[in-house]
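First the structure, in the form of structure tokens, and then the observations on it.
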Amino acid sequence: MDSEENTIIFTLVYLGGDYPVRTYKNEYHSLMVLIAVHLDLIGFG
């Protein structure tokens, strides 16, 4: 499989900030974990 085919690119928008994310299929087991890794949110998750 082509790695580009498995690449997921999107932007998290939080409190007026844009946080670009580039990840791959099955890199994180849930969206909540991905968000917790990319945004430093106290008490999240």
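Within the stretch 1-41, can you find the residues that are among the charged types (D, E, K, R) and over 13 Å from the mean Cα position of the chain (by Cα)?
Asp2, Glu4, Glu5
Name the pairs whose Cβ atoms lie under 9 Å apart, with the first residue in the stretch 1-22 and within 10 Å of Leu39 (Cβ to Cβ) and among the hydroxyl-bearing types (Ser, Thr, Tyr), the second part of a strand (DSSP E or B) and open to solvent by less than 60 Å² (accessible area, probe 1.4 Å), and 6 or more positions between them or separate chains?
Within 9 Å, the pairs are Tyr19/Leu12.
Considering only residues that are open to solvent by 100 Å² or more (accessible area, probe 1.4 Å) and part of a loop (DSSP other than H, G, I, E, B), which ones fall in the stretch 25-41?
Residues satisfying the conditions are Lys25, Asn26, His29, Asp40.
Which numbered condition trips up Phe44, out of (1) in a loop (DSSP other than H, G, I, E, B); (2) of a type in the set (Phe, Trp, Tyr); (3) within 11 Å of the chain's Cα centre (by Cα)?
Evaluating Phe44 over (1) in a loop (DSSP other than H, G, I, E, B); (2) of a type in the set (Phe, Trp, Tyr); (3) within 11 Å of the chain's Cα centre (by Cα) leaves (3) as the failure.
Determine whether the stretch 6-24 contains at least one residue that is modelled with pLDDT under 90 and open to solvent by 70 Å² or more (accessible area, probe 1.4 Å).
Checking the stretch 6-24: not a single residue is modelled with pLDDT under 90 and open to solvent by 70 Å² or more (accessible area, probe 1.4 Å).
The values are calculated or read from the model by the stated rules, or taken from the named source; none is laboratory data. These numbers were taken from a predicted model, which means no experiment stands behind them. Heads up, the Cβs are rebuilt from the backbone with ideal geometry, glycines too, and the neighbour counts pull from every protein chain shown. Protein only, heavy atoms only, side chains kept; ligands, DNA and RNA dropped before computing areas. Shrake-Rupley method; radii C 1.70, N 1.55, O 1.52, S 1.80 Å.
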